[in-house]
Amino acid sequence: MARARTPSLMRLFSVERVGLVVLAAAALLWPLFTPKVAHFYGTLSATYALVGLSLVILVGWTGQISLGHAAFLGFGCYIGAKLLNHNVPLLLAIPIIAAAGAGISLVLGVPSLRLRGVYLTITTLAFGVACQRYFFTRPQLRGSNAVEVPRKSLLGWSTQSDRGLYYAVLVVLSVALLLAWNIRRTDTGRVLFAIRDSEVAAAAMGIKIAPYKVGVFAASAAIAAIAGLFYGMLFRSTPGADQFGVLQSLFYLAMPVLGGAEAILGAVIGGSFLATGQPLVNLFDVRLYLVSSVALLLMLLSGQDGVVGMLHTARKTLADAIRGEPIRYGSFVPETVNAHLDRAPVVHVQITEPLPEGTVIRARLVRGGAHT
Amino acid sequence: MNKFLGYVISGLANGTIYALVALGVVITYRVSRVINLAQGATGVLAAFLFHYTLMGKFGMPVAIATVVAILFGAMLGAGVERFAVRPVRHRGALATLTVTTGVLLMFSELTVQIWGPNNPPIASVFSDHVVHIGNTGVTVHQLATAALVLLISGGLYLLLARTWFGAGVTAIAQDPGAARIVGLPVNGIITATWAIGGASAALAGLMYIHLNSLDQISLTFVLISSLVAAALGGFNSLPLAGAGGLAVGLIFSLSQGYASVAGIGELLVFVALLVVLAVRAGKPQLDVVAEF
């Protein structure tokens, strides 16, 4: 009996599910008990979480890196300011900006994603510099001075206060998270993971790779552009071109790395880290970007997939401690052990993670949990 | 005509520097299949150390400070490979690329954290004396930069084509597993190439800062110029990378000179990259970049 219950308990309290419920409750309730200044950072966290999500689906789902994502935020912010100032309702402005972001991404994605490898990274970097120096300095796009970004209501919900805006961003973020989570579970999601794990193998299975990669990049750009709109609304005016520069893009990349690129929840965690980091690092008089870059490097060197990955590892360790059967790198399928104990058992080993050099595979046969 | 020649000369002077950084990127890529995004930032860190600490604080003579700064660059390059890239190499291209991105951000932020965000005019080993060739003036520094880059390119070519070390580099580029089996010190050679990359980046940084003011934004421009140059040759060809560097320098200088619109050079470099990629995408791919 004990054997049957432990795994199902584990499934019930899976990291993602428990985390999700706790996080959702916390996200809804905390603004009611906190002072106003916290609402600002809360809204910034939610906006960064959108940016984080856009990078998680790009990095975690296709294995590509963008070093120009801040430029998409910039386009979202500047176009959004124009739309809202022309009295376009917020609910309509969001899809328009998403479409604009996706459209711009095609210019980069189509030439560079047809090539395998790092070309997207370099193209996005060049795009980021071109935006920062050229597009965002055109008076037609930003105007020569900062433009006010009006805080329009979302479906009658006022966003005038930071708390109101927070809930509006939270709604958009939840919709985006839900969509992403659903795509992950469909065939499309599985195709994406197949591509990320091995393009050659995926191509051999008849998957056309480029359209998927271009599509994910477009979705990622659309989300980033929406985040840019809310970024502008949060600050009530359009920031200068250097706020959407390459350094910001590098900084944003810390979100999927620190939060975890494998799980969607990583975006929320990474975004909250970076958004609340500024008041913290001010205490020590160091630059936020320096701290985040060091954190990024330490996380990568630790070999963990962000905070979410750490939680997973912790849960695995706990489960191993309870069940006493550490299986690190793969699954063992003992076919004949239980049926014919007199014969030598046949064990199939499937190694699912790349092994570091010099790894020793040890197999210890342990009888199943129920000691009959 | 004079104006044109002037733009060409200043474009080529910057172009040789992009070419030098691009050579470093290509040479490290060939052995380790890692694109070192931190290349430009290594150069800046070395150049600021040279200016503020070695010359400013310790009052070293220029020549000695230059040598020390270049050695420092080599140490940085080797250190990045040994302590940041090698530990994550087995996890694939995504991990190594993210690591070098992190190093880029860290170096660039360290520079600002330690020395502040101002852009100093930095001394050069060579004088700013103007030499007249025909009707156009060229500074000794510009000439010396071009000559140095040519010299280094020639030296690198000889090193790669004629020596035991170069044979090792080629062997590792073709098949690191086989290279290890025949007894080559693969890790040592990889670290050494990263040291060469770091040293050339430091030299490029010293030369560049004397010609241009350098803040974090123009640093990213140096980086992107050299990466575009390297991408022209598919990260594999040293001559193409060098030519790409010169081309980027020329595009930038001519467009900036004639169009006089802020940021037009950056835009054109971006467009040029898109065109090159579109052309390359039509050809069969010989190099496997992501899967190593």
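Coordinate-derived values only; no laboratory data. These numbers were taken from a predicted model, which means no experiment stands behind them. We place every Cβ from the backbone using ideal geometry, glycine too, and count neighbours over all the protein chains shown.
What are the residues whose amide H is under 5 Å from the amide H of A:Ser237, where those residues sit 5 or more places off or on another chain and H is modelled from the backbone?
It is A:Val149, by chain and number.
Taking other Cβ within 10 Å of each residue's Cβ, how do A:Trp157, A:Trp61, B:Trp164 sort, fewest first?
By the 10 Å Cβ count, ascending, the order reads B:Trp164, A:Trp157, A:Trp61.
Residue by residue through A:130-140, how many Cβ atoms from other chains fall within 10 Å of the Cβ on average?
For this peptide, the per-residue mean of nearby foreign Cβ atoms is 5.
Using alpha-carbon pairs under 8 Å, 6+ residues apart, how would you state the relative contact order of chain B in percent?
Worked out over chain B, it gives 37 percent.
Please work out the ratio of the alpha-carbon Rg of region B:1-63 to 2.2 N^0.38 Å and round it to two decimals.
Region B:1-63 yields a ratio of 1.53.
Could you rank the peptides B:239-249, A:272-282 by their average count of other C-beta atoms within 10 Å per residue, with the highest value first?
Ranked from most to least packed, the peptides come out as B:239-249, A:272-282.
For A:40-52, what's the mean count of beta carbons from other chains sitting within 10 Å of each residue's beta carbon?
Mean shielding by partner chains, rounded to a whole number: 0.
Would you mind pulling out the separation of the Cα centroids of region A:139-213 and region B:153-208, in Å?
If you average the Cα positions of each part, the centres end up 43 Å apart.
From other protein chains only, count the Cβ atoms within 10 Å of every residue's Cβ in B:274-280, then give the mean.
5
P(r) for chain B: what percent of alpha-carbon pairs falls in each 5 Å bin, starting at zero?
Cα pair-distance distribution for chain B, in percent: 1, 6, 12, 16, 19, 17, 13, 9, 5, 2, 1, 0.
What's the angle, to the nearest 10 degrees (0 to 90), between helix B:164-174's Cα axis and the longest principal axis of chain B?
With rounding to tens, the tilt is 70 degrees.
Could you tell me what a quarter of the Cα convex hull surface of region A:102-234 works out to, in nm² with one decimal place?
10.0
Tally Lys/Arg at +1 and Asp/Glu at -1 over every other residue whose Cβ is under 9 Å from the Cβ of A:Ala241; what's the total?
Net of charged neighbours comes to +1.
By how many degrees, 0 to 90 and rounded to 10, does the Cα axis of helix B:186-211 deviate from the longest principal axis of chain B?
10
Could you let me know the centre-to-centre spacing of region B:1-80 and region A:219-276, using Cα atoms, in angstrom?
Centre-to-centre distance over Cα atoms comes out at 32 Å.
Any chance you could run the full-extension gain for A:Ala314 through A:Val175? It's 0.36 nm times the residue separation minus the Cα-Cα distance, nm to one decimal.
Here the answer is 47.1 nm.
Please quote Rg/Rh for region B:1-108 to two decimal places, taking the Kirkwood radius as Rh and restricting both calculations to Cα atoms.
1.08
Between A:Val37 and A:Arg185, 0.36 nm times their residue separation minus their Cα-Cα distance comes to what?
49.5 nm
With just the Cα atoms of region A:29-84, tell me how far they stretch along each of the three principal axes, in Å, largest first.
Result, largest extent first: 40, 31, 14 Å.
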